Amino acid sequence: QTLAEGLKAQHRAAIAQLEESLRAAKLAAAAERDAAAARCKELESSLARLEADGRQSLAQATVELHQAKTSQDVESARLQGIIRRLEDELGSVNQRLSLALGQSDSLAAELQAVTRRHDAHVEQA
(Lines give C-alpha, C1' and ligand atoms only; values in the text may rest on other atoms or scores of the structure.)
Protein backbone atom coordinates (compact mmCIF):
# COMPACT_ATOMS: atom_id res chain seq x y z
CA GLN A 1 0.00 0.00 0.00
CA THR A 2 2.83 2.39 0.46
CA LEU A 3 3.56 2.08 -3.20
CA ALA A 4 -0.06 2.85 -3.96
CA GLU A 5 -0.05 5.71 -1.50
CA GLY A 6 3.18 6.96 -3.00
CA LEU A 7 1.68 6.80 -6.49
CA LYS A 8 -1.45 8.57 -5.26
CA ALA A 9 0.69 11.28 -3.70
CA GLN A 10 2.67 11.66 -6.93
CA HIS A 11 -0.59 11.90 -8.92
CA ARG A 12 -1.94 14.49 -6.50
CA ALA A 13 1.30 16.45 -6.71
CA ALA A 14 1.28 16.21 -10.51
CA ILE A 15 -2.40 17.27 -10.61
CA ALA A 16 -1.66 20.18 -8.24
CA GLN A 17 1.28 21.19 -10.41
CA LEU A 18 -0.87 20.98 -13.56
CA GLU A 19 -3.63 23.01 -11.86
CA GLU A 20 -1.04 25.63 -10.82
CA SER A 21 0.36 25.69 -14.37
CA LEU A 22 -3.19 26.06 -15.71
CA ARG A 23 -3.88 28.97 -13.32
CA ALA A 24 -0.59 30.63 -14.32
CA ALA A 25 -1.41 30.11 -18.02
CA LYS A 26 -4.91 31.56 -17.46
CA LEU A 27 -3.41 34.57 -15.66
CA ALA A 28 -0.83 35.07 -18.41
CA ALA A 29 -3.55 34.74 -21.07
CA ALA A 30 -5.75 37.24 -19.20
CA ALA A 31 -2.81 39.67 -18.93
CA GLU A 32 -2.08 39.29 -22.65
CA ARG A 33 -5.78 39.77 -23.44
CA ASP A 34 -5.89 42.92 -21.28
CA ALA A 35 -2.70 44.25 -22.90
CA ALA A 36 -4.11 43.50 -26.37
CA ALA A 37 -7.40 45.20 -25.45
CA ALA A 38 -5.51 48.27 -24.17
CA ARG A 39 -3.41 48.37 -27.35
CA CYS A 40 -6.59 48.00 -29.40
CA LYS A 41 -8.13 50.96 -27.55
CA GLU A 42 -4.97 53.00 -28.19
CA LEU A 43 -5.11 52.13 -31.88
CA GLU A 44 -8.84 52.97 -32.05
CA SER A 45 -8.15 56.31 -30.38
CA SER A 46 -5.25 56.99 -32.75
CA LEU A 47 -7.42 56.06 -35.72
CA ALA A 48 -10.19 58.36 -34.48
CA ARG A 49 -7.67 61.22 -34.19
CA LEU A 50 -6.33 60.50 -37.68
CA GLU A 51 -9.86 60.42 -39.09
CA ALA A 52 -10.69 63.70 -37.35
CA ASP A 53 -7.46 65.27 -38.63
CA GLY A 54 -8.23 63.94 -42.11
CA ARG A 55 -11.75 65.39 -42.02
CA GLN A 56 -10.37 68.70 -40.76
CA SER A 57 -7.69 68.75 -43.46
CA LEU A 58 -10.27 67.91 -46.11
CA ALA A 59 -12.59 70.63 -44.84
CA GLN A 60 -9.73 73.14 -44.80
CA ALA A 61 -8.62 72.14 -48.31
CA THR A 62 -12.23 72.46 -49.50
CA VAL A 63 -12.48 75.96 -48.00
CA GLU A 64 -9.15 76.97 -49.56
CA LEU A 65 -10.22 75.58 -52.92
CA HIS A 66 -13.51 77.49 -52.71
CA GLN A 67 -11.64 80.67 -51.76
CA ALA A 68 -9.22 80.21 -54.66
CA LYS A 69 -12.12 79.60 -57.07
CA THR A 70 -13.93 82.67 -55.74
CA SER A 71 -10.75 84.76 -56.09
CA GLN A 72 -10.29 83.43 -59.62
CA ASP A 73 -13.92 84.26 -60.48
CA VAL A 74 -13.54 87.77 -59.03
CA GLU A 75 -10.28 88.34 -60.94
CA SER A 76 -11.83 86.99 -64.13
CA ALA A 77 -14.82 89.33 -63.76
CA ARG A 78 -12.47 92.26 -63.08
CA LEU A 79 -10.40 91.48 -66.17
CA GLN A 80 -13.53 91.09 -68.31
CA GLY A 81 -14.69 94.50 -67.07
CA ILE A 82 -11.35 96.01 -68.05
CA ILE A 83 -11.56 94.36 -71.49
CA ARG A 84 -15.10 95.72 -72.01
CA ARG A 85 -13.99 99.22 -71.00
CA LEU A 86 -11.00 99.03 -73.35
CA GLU A 87 -13.21 97.79 -76.20
CA ASP A 88 -15.67 100.65 -75.55
CA GLU A 89 -12.81 103.14 -75.45
CA LEU A 90 -11.37 101.70 -78.67
CA GLY A 91 -14.79 102.04 -80.33
CA SER A 92 -14.99 105.65 -79.16
CA VAL A 93 -11.47 106.37 -80.43
CA ASN A 94 -12.35 104.78 -83.80
CA GLN A 95 -15.44 107.01 -84.07
CA ARG A 96 -13.45 110.13 -83.26
CA LEU A 97 -10.75 109.05 -85.72
CA SER A 98 -13.37 108.53 -88.44
CA LEU A 99 -14.81 111.98 -87.73
CA ALA A 100 -11.33 113.51 -87.76
CA LEU A 101 -10.53 111.78 -91.07
CA GLY A 102 -13.81 113.05 -92.51
CA GLN A 103 -13.00 116.55 -91.34
CA SER A 104 -9.47 116.19 -92.70
CA ASP A 105 -10.85 115.19 -96.13
CA SER A 106 -13.25 118.11 -96.00
CA LEU A 107 -10.47 120.52 -95.00
CA ALA A 108 -8.21 119.14 -97.77
CA ALA A 109 -10.97 119.69 -100.33
CA GLU A 110 -11.58 123.18 -99.01
CA LEU A 111 -7.82 123.89 -99.10
CA GLN A 112 -7.67 122.71 -102.72
CA ALA A 113 -10.58 125.01 -103.60
CA VAL A 114 -8.89 127.96 -101.88
CA THR A 115 -5.60 127.11 -103.61
CA ARG A 116 -7.33 126.97 -107.02
CA ARG A 117 -9.05 130.30 -106.40
CA HIS A 118 -5.76 131.78 -105.26
CA ASP A 119 -3.98 130.39 -108.31
CA ALA A 120 -6.75 131.76 -110.52
CA HIS A 121 -6.42 135.21 -108.91
CA VAL A 122 -2.68 135.08 -109.33
CA GLU A 123 -3.01 134.19 -113.04
CA GLN A 124 -5.49 137.01 -113.56
CA ALA A 125 -3.23 139.45 -111.87
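The values are calculated or read from the model by the stated rules, or taken from the named source; none is laboratory data. Fair warning: this is a prediction, and the values are worked out from it, not measured in the lab. Ideal geometry is used to build each Cβ from the backbone, glycine not excepted, and the neighbour counts take in all protein chains shown. Just the protein is used for accessible areas: all its heavy atoms, side chains included, with ligands, DNA and RNA removed. Shrake-Rupley method; radii C 1.70, N 1.55, O 1.52, S 1.80 Å.
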Practice task
Scan segment 103-110 and give yes if some residue there is part of a helix (DSSP H, G or I), free of Cβ contacts under 8 Å to residues at least 12 places away in the same chain, of a type in the set (A, V, I, L, M, F, W, C) and open to solvent by 60 Å² or more (accessible area, probe 1.4 Å), otherwise no.
Solution key: yes
Completion exercise
Expected single match for modelled with pLDDT of 95 or more, surrounded by 10 or more Cβ atoms within 10 Å (Cβ to Cβ) and of a type in the set (Lys, Arg) among Arg116, Arg84 is Arg84
Problem - Hey, Thr2 of a type in the set (S, T, N, Q) and surrounded by 10 or more Cβ atoms within 10 Å (Cβ to Cβ) or not - result: no
